[in-house]
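**Q** What follows is a structure written as structure tokens; I'll ask about it next.
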Amino acid sequence: MNQTIETILNHRSIRSFTDQLLTDEEIRLLVESAQCASTSSYIQAYSIIGVTDQGKKRELAALAGNQPYVEKNGHLFVFCADLYRHDKVARDRGEDVKAALEGTETFMVSVIDAALAAQNMAVAAESMGLGICYIGGIRNDLDKVAEILKTPEYVLPLFGFVVGHPANPSAKKPRLPLEHIYHENTYNLDEQDFHKHLSEYDETISSYYQNRTGGKRTDKWTEQITQHLKEPKRTYMNQFVKEKGFNKR
């Protein structure tokens, strides 16, 4: 096993950082690593906004559910689906590409491009001994996030991404069984396999929480996920996405 794979397999979210800020060189290296991710048809349909203003970080932390590590970290990035430059380039050349930009396929391309870039950054950061955590909580109120970051039409903030020097490394959280993720040739619909592997995973997760919390939590993954999905979340999202110019067609 090589060092890159060891880094990937050792991933865990970090939610407590020292006061040490990332250097300009580290930030540049992380962004350059993100840019080397695969991109559909060379479109590069994303942007990354670095937030250094402490007031803005504080506001974003509040919007994300008062998560303190959104404010206190080595650096805060916000990854955005971005078709603004593509619209502007086309208009400057006298072309109207609105129909393509507003299509579902281009929307998916922009979101996938941003996610691939972010995961490249995650691996790069962890290989440097830094910790990372994705912040989906900024989607609690994207109207205010867009106002804080002054994002124009065709730019959609997707998630925050905090990086820093770990102050309190967390334990590695067990993932779903490989058999639930990897299917060969066709999707495996065997009910017996399905329940067997999930039952084993539930016990693994229950033990993980019990050890992590000193017995205060023992919930199983199936319980946790069912509870999480009982009510729709962020139901304003469909309208907001369309108002930003995405996924209209």
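**Q** Just give me the residues in the range 91-116 being touching a residue at least 60 places away in the same chain (Cβ under 8 Å), of a type in the set (D, E, K, R) and either in a loop (DSSP other than H, G, I, E, B) or not assigned by TED's automatic domain parsing to the domain that holds residue 9 (or both), in sequence order.
**A** Of everything in the range 91-116, just one residue is touching a residue at least 60 places away in the same chain (Cβ under 8 Å), of a type in the set (D, E, K, R) and either in a loop (DSSP other than H, G, I, E, B) or not assigned by TED's automatic domain parsing to the domain that holds residue 9 (or both), namely 102.
**Q** Moving to a separate point now. (1) surrounded by 13 or more Cβ atoms within 10 Å (Cβ to Cβ); (2) closer than 29 Å to residue 235 by Cβ; (3) among the β-branched types (Val, Ile, Thr): which one isn't true of residue 181, the others all being true?
**A** (1)
**Q** What about residue 27, is it farther than 19 Å from residue 153 by Cα, touching a strand residue (DSSP E or B) at 6+ places or on another chain (Cβ under 7 Å) and buried (at least 20 other Cβ atoms within 10 Å of the Cβ)?
**A** The answer is no for residue 27.
**Q** Run down 34, 61 and say which single residue is in a helix (DSSP H, G or I), crowded, with 19+ Cβ neighbours inside 10 Å and without any contact (Cβ under 8 Å) to a residue 12 or more places away in the chain.
**A** Just one listed residue meets the conditions, 61.
**Q** Quick test for you: out of 5, 43, pick the one residue that is among the β-branched types (Val, Ile, Thr), touching a residue at least 60 places away in the same chain (Cβ under 8 Å), more than 21 Å from residue 138 (Cα to Cα) and out of contact with any Cys (no Cβ under 9 Å at 6 or more places or on another chain).
**A** 43
**Q** For the range 117-154, give me the residue count where each residue is part of a strand (DSSP E or B) and among the hydrophobic types (A, V, I, L, M, F, W, C).
**A** 3
**Q** Return the residues of the range 218-249 that are among the basic types (Lys, Arg) and surrounded by 15 or more Cβ atoms within 10 Å (Cβ to Cβ); say none if nothing qualifies. I'd like the intermediate steps shown before the answer.
**A** Step one: filter the range 218-249 for residues among the basic types (Lys, Arg), giving 220, 230, 233-234, 242, 244, 248-249.
Across the range 218-249, the qualifying residues are 220, 244, 248.
**Q** Scanning for something under 15 Å from the mean Cα position of the chain (by Cα) and either more than 17 Å from residue 160 (Cα to Cα) or surrounded by fewer than 16 Cβ atoms within 10 Å (Cβ to Cβ) (or both), does the range 129-137 turn up at least one residue?
**A** yes
**Q** Among the residues of the range 162-169, is there at least one that is surrounded by 13 or more Cβ atoms within 10 Å (Cβ to Cβ), under 20 Å from residue 64 (Cα atoms), touching a residue at least 24 places away in the same chain (Cβ under 8 Å) and not small (Gly, Ala, Ser)?
**A** The answer is yes, given that some residue of the range 162-169 is surrounded by 13 or more Cβ atoms within 10 Å (Cβ to Cβ), under 20 Å from residue 64 (Cα atoms), touching a residue at least 24 places away in the same chain (Cβ under 8 Å) and not small (Gly, Ala, Ser).
**Q** Could I ask something else about it? All but one of (1) out of contact with any Pro (no Cβ under 9 Å at 6 or more places or on another chain); (2) under 27 Å from residue 175 (Cα atoms); (3) surrounded by fewer than 20 Cβ atoms within 10 Å (Cβ to Cβ) hold for residue 73; state the number of the condition that does not hold.
**A** (3)
**Q** Could you pull out the residue among 193, 202 that is of a type outside the set (Gly, Ala, Ser), surrounded by fewer than 14 Cβ atoms within 10 Å (Cβ to Cβ) and not assigned by TED's automatic domain parsing to the domain that holds residue 22?
**A** After ruling out the rest, the residue left standing is 193.
**Q** Also: Show me the helices (runs of 4 or more DSSP H) entirely contained within the range 161-249 in which 3 or more residues are closer than 27 Å to residue 60 by Cβ.
**A** The helices (runs of 4 or more DSSP H) meeting that bar are 221-229, 237-243.
The values are calculated or read from the model by the stated rules, or taken from the named source; none is laboratory data. Since this is a predicted model, take the numbers as computed values, not measurements. Glycine gets a Cβ as well: all are built from the backbone with ideal geometry, and neighbour counts include every protein chain shown.
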